[in-house]
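The values are calculated or read from the model by the stated rules, or taken from the named source; none is laboratory data. As the structure is a prediction and not an experimental result, all values here were calculated from the model. Please note: Cβ atoms are built from the backbone with ideal geometry, for glycine as well, and neighbour counts cover all protein chains shown.
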Amino acid sequence: MFNIAIFGRPNVGKSTLFNALVGKRKAIVSNISGVTVDRNYGFVELNNICFNLIDTAGIINEAKNDDGLTIQTLKAVKDADLVFFVTDFSTGILPHDFELSSILRKTKKNVIHLVNKSDVKKSNFSDKDAIRIGFKDIIHVSSEHKKGFDDIYHSLIKIENFKYSQNLIATKNNNSHKINISFIGKPNSGKSSLINTILGNKRLVTGPKAGLTRDIIQIPFAFMNNNFLLIDTAGIRKKSRVNDYLEKQSVTKSMLAIRISDIVILVLDSKEKLNKQDLILAKRALDYGKSIVIALNKWDLIEDKINLKKYFSEKIKISLSQLNDVKILPTSCIKIYGIEKLLENIIDIYKCSQNRISTSDLNKWFKFLSEKHPAPMVRGKKNSLKYISQVDVLPPRFIVFCSYPNEIPLSYIKYIKKNLKNKFNFSGVNIVINLKKTLNPFINQK
């Protein structure tokens, strides 16, 4: 598929352009420069053509090409078939734009110069400066109002190898389903480093400073004939500490990542004790119906490994009873330890989450269970459990029909869930049980 990278200095509207072309607010945008850190990929449908679009961090100092942001941006340009070089109509062409354009010319890539924010009234823009930049195709656009996009379309269809790429895009819906895996946790728990270790390259910007990741970044990956979509998220602090607008946006994006996931990896820093924030994140994922795998990261720094793993297992069983059978797997990015086992467990849980149990088998088991341990009585009346039915997978969702659904205690639901997992091999899978009142078949008869 044809890849196009967006390139330019900070705060020229690259992420706004990315969101406008992709058709959704996939990238966080702000008047503060430097919000974008990692490469962000999106799929674009423009009239009757399609392509991959790559949002990048703005290069502040092209001479300092060893920092993570610059490396990620230059890697995106290298992987691209074409580059959108974005400048700002309101500020005009700045000396930094000329410096960046010289970098692009050395790559020998096809370049389209997009002059963004062309709808503003006050401007320092000069056509002579735009020509001096040196790129033949110059298009004035307004990302905020989606103006100039037809001109982008007409420029793209003139490119010969772009026409060929359209044939490849036609088959995009025939691809096998990707297992969506989101990595969540507190800041600096090693989420991005863990994803880089899985990928085998430094795809994401990492460092000792907490909060480097702001957006959710989705990265395709394959392992043992399974296709994954690895989703990196911003670290989530206690709600009371989140005051900054950008951080609030990042938290919102992280919550979205959980919702679109099939399985959630809760990344814990094994050097720190399990605390309330970790449990809140785990519960949030469970509330969304997601299965969880816990990665005890930075395992290479732990000396008493046996007792520490025992501590985490016992603490989770006490603090979060819904996670009694959760997989707790040590990982190390430095030693590249536990990565394959983590992926194998993800695949197993994903497959188990797709299990569908026949209604007859379910009710044979359910009749035995409810007779062995009936539901508590309601004001002297029997709360009859009539039958159970599976209505969905990913997560497996069951409906229990009974006389008084609002009177079934949480402890009894946990009892049903625990036995259901053991009987039908849902180990490590978050299953959802809903209660529904049994309708009287004679209520409408006279």
Does ASN363 count as among the polar types (S, T, N, Q), in contact with a strand residue (DSSP E or B) (Cβ under 7 Å, 6 or more places away or on another chain), touching a residue at least 12 places away in the same chain (Cβ under 8 Å) and in the same structural domain as PHE424 (by TED's automatic domain parsing)?
yes
Looking at region 396-423 only, could you name the residues that are crowded, with 19+ Cβ neighbours inside 10 Å and under 31 Å from the mean Cα position of the chain (by Cα)?
PRO396, PHE398, LEU420, LYS421
Tally, over region 188-216, of residues that are modelled with pLDDT under 90 and either surrounded by fewer than 18 Cβ atoms within 10 Å (Cβ to Cβ) or over 22 Å from ASP278 (Cβ atoms) (or both)
10
I'd like the residue in region 88-142 that is out of contact with any strand residue (DSSP E or B) (no Cβ under 9 Å at 6 or more places or on another chain) and at positive phi and, out of all such residues, is modelled with the lowest pLDDT.
LYS108
Can you confirm whether ILE59 is surrounded by 15 or more Cβ atoms within 10 Å (Cβ to Cβ) and assigned to a loop (DSSP other than H, G, I, E, B)?
yes
Answer yes or no: is there a residue in region 234-249 that is crowded, with 18+ Cβ neighbours inside 10 Å, at pLDDT 75 or above, among the charged types (D, E, K, R) and in the same structural domain as VAL326 (by TED's automatic domain parsing).
no
Being part of a strand (DSSP E or B) and surrounded by 15 or more Cβ atoms within 10 Å (Cβ to Cβ) is the filter; apply it to region 119-150 and report the residue that is nearest to the chain's Cα centre (by Cα).
SER142
Name the pairs: first residue in region 91-104 and crowded, with 20+ Cβ neighbours inside 10 Å, second residue part of a helix (DSSP H, G or I) and not hydroxyl-bearing (Ser, Thr, Tyr), Cβ to Cβ under 7 Å, at least 6 apart or on different chains?
ILE93/ASP129; ILE93/ALA130; ILE93/ILE133; ASP97/ILE133; SER101/ILE133
For region 301-310, what are the residues that are touching a residue at least 12 places away in the same chain (Cβ under 8 Å) and assigned to a helix (DSSP H, G or I)?
LEU301, LYS305, LEU308, LYS309
